[in-house]
Amino acid sequence: MDYQHLLADRTNLMQANAIREILKVVANPGIISLAGGIPSPDSFPMDIIQELSDKVLKKYKSNAFQYDLTEGFLPLREQLSILLEQKGIHALPDAVNITSGSQGVLDAIAKLTISKGDKIALEAPTYLGALSAFNPYEPDYIRMDMDDEGLVPDSLEHTLQTHDIKFIYLVPTFQNPTGRTLTLERRRKIAEIIQRHNVLLVEDDPYSALRYKGDPVPAIKTLAPDHVVYISTLSKVFAPGLRIGFYAAPKFIREWLVLVKQGVDLHTSTFNQALAAEYLEGGYLSTHLPRIIDLYNPRQKAMQDALNRFLPKGFTCAPSDGGMFLWVTGPKGFKALSLYDKAIENGVAFVPGQFFYTNPEEGLETMRLNYTMADEATIEIAVEKLATAIHSIQK
């Protein structure tokens, strides 16, 4: 049977995730991967999973395996309301909804809001998973400038003055891919701009709990609550395989997102949500999060030190106080994609930065490096191998 004619036109815009394809290569023995964007298995609270499971079974019995509300398991929503309040985000439990990972709400927002040709404003570079969620709905992307302090507010202002934008998408804290964080001063300016232009901002915040130094900065949601859909996840601070994402959105948007989710999966796994509820209610997050930070902090420092020591002149690394990534920019004329094959030969993998741009001609000289999946000694070896590969192609 010829199946090709069955495909909808939108499948032309569904491309294999470049990072997923790269990870197929790095699965080969002998390759040190700086390419993935995943938490270390050492960060999972394996020592308490059985305890949490026993509590769920005793407390909820068969209800933990039953169909539940599309909006989410109420005990978890209650705990997430408390967690958000600690971040300065005021959202009652019935205003917090659960999704299957934060990817679930990105797709739902796209399905709900994007018609073909609608303009979406986003940072350059931006999170590749968001592009994968948005692309099938055929938006036009308007890229905005970034520097080491995050999105440039003047670029946002210019974008809103010159384009009719459906929504803005940002990862303001420890951004994927750059690790940069939008400063408080700029957050205030951006909050003022979006309110003045009456435009919606989708604030994606998966990494802010992973802060290794410096002071926390408030979510933009706290500064413009009626103009922001705030998205976060427990994947980085509990376990990604449980697929627990959540969001706080204006009531009108929230009610429509529930309808979208009903047509996709009815609701997120009840048992997994119950595990997450017990994890938060029992205070396990407050004791386990410092362990995660103690795991990643020296790894980030090891990578920063190795980059300073081994990279040739002309290469720079964007500052970062947390998260999972460092962003390296080479000199003019350097092409990270050309380096990739040589780096694999040398036994180390990374993600060329150009994949995180909507304009294929941008970011050719950039690289995203992940440090969560290797220990400090391995990271040092990997960066030295990477530097050796750079020297070999620059000869």
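Per the listing Gln79, Gln86, Gln103, the residue uniquely within 18 Å of Phe238 (Cα to Cα) and without any contact (Cβ under 8 Å) to a residue 12 or more places away in the chain is Gln86. Apart from one condition, Asp205 fits all of (1) under 26 Å from Asp148 (Cα atoms); (2) crowded, with 24+ Cβ neighbours inside 10 Å; the exception is (2).
Regarding Gln262, is this residue touching a helix residue (DSSP H, G or I) at 6+ places or on another chain (Cβ under 9 Å) and not small (Gly, Ala, Ser)? When the stated conditions are applied, Gln262 does not pass them. Is it fair to say Leu364 is in contact (Cβ under 8 Å) with a residue 12 or more places away in the chain, surrounded by fewer than 21 Cβ atoms within 10 Å (Cβ to Cβ), among the hydrophobic types (A, V, I, L, M, F, W, C) and not assigned by TED's automatic domain parsing to the domain that holds Asn135? Considered against the rule, which asks whether it is in contact (Cβ under 8 Å) with a residue 12 or more places away in the chain, surrounded by fewer than 21 Cβ atoms within 10 Å (Cβ to Cβ), among the hydrophobic types (A, V, I, L, M, F, W, C) and not assigned by TED's automatic domain parsing to the domain that holds Asn135, Leu364 comes out as yes.
Scan region 109-134 residue by residue and report those that are hydrophobic (A, V, I, L, M, F, W, C) and either at pLDDT below 95 or farther than 17 Å from Leu156 by Cα (or both).
Here is the first cut: in region 109-134, the ones hydrophobic (A, V, I, L, M, F, W, C) are 109-110, 112, 114, 120-122, 124, 128, 130-131, 133-134.
Of everything in region 109-134, those that are hydrophobic (A, V, I, L, M, F, W, C) and either at pLDDT below 95 or farther than 17 Å from Leu156 by Cα (or both) turn out to be Ile109, Ala110, Leu112, Ile114, Leu128, Ala130, Leu131, Ala133, Phe134.
Filtered by the rule that a residue be assigned to a strand (DSSP E or B) and either farther than 15 Å from Leu311 by Cβ or not charged (D, E, K, R) (or both), region 337-384 gives Val348, Ala349, Val351, Pro352, Thr366, Met367, Leu369, Asn370. So how many residues does region 309-344 have that are over 18 Å from the mean Cα position of the chain (by Cα), among the acidic types (Asp, Glu) and closer than 25 Å to Phe174 by Cα? Total meeting the criteria: 0.
Candidates are the residues of region 182-204 that are outside any helix (DSSP H, G or I) and not hydrophobic (A, V, I, L, M, F, W, C); the one that is nearest to the chain's Cα centre (by Cα) is Asp204.
Take Lys61 and decide whether it is touching a helix residue (DSSP H, G or I) at 6+ places or on another chain (Cβ under 9 Å), modelled with pLDDT of 95 or more and not acidic (Asp, Glu).
So Lys61 does not fit the description; no.
The selection criterion, being over 30 Å from Glu384 (Cα atoms) and part of a helix (DSSP H, G or I), does not hold for Leu307. In the set Tyr230, Tyr207, Tyr279, which member is in a loop (DSSP other than H, G, I, E, B) and of a type in the set (Phe, Trp, Tyr)? Only one candidate qualifies: Tyr207.
Residues that are within 21 Å of Ile98 (Cα to Cα) and loosely packed, with under 10 Cβ neighbours inside 10 Å within region 41-70 comprise Ser62, Tyr67, listed in sequence order. Considered as a group, the residues in region 124-168 that are within 18 Å of Ile220 (Cβ to Cβ) and touching a Phe, Trp or Tyr at 6+ places or on another chain (Cβ under 8 Å) include one that is surrounded by the fewest Cβ atoms within 10 Å (Cβ to Cβ), and that residue is Tyr127. For region 84-181, the helices (runs of 4 or more DSSP H) that sit wholly inside it and include 2 or more residues that are closer than 19 Å to Ile244 by Cα and in contact with a helix residue (DSSP H, G or I) (Cβ under 9 Å, 6 or more places away or on another chain) are 101-113, 128-134. Taken as a whole, the condition of being at negative phi and modelled with pLDDT of 85 or more applies to Ile82. For region 106-128, residues that are in contact (Cβ under 8 Å) with a residue 60 or more places away in the chain and hydrophobic (A, V, I, L, M, F, W, C) total 7.
The values are calculated or read from the model by the stated rules, or taken from the named source; none is laboratory data. Treat the numbers as computed from the prediction; the structure is a model and nothing was measured. With ideal geometry, Cβ positions are generated from the backbone for all residues, glycine too; neighbour counts draw on all protein chains shown.
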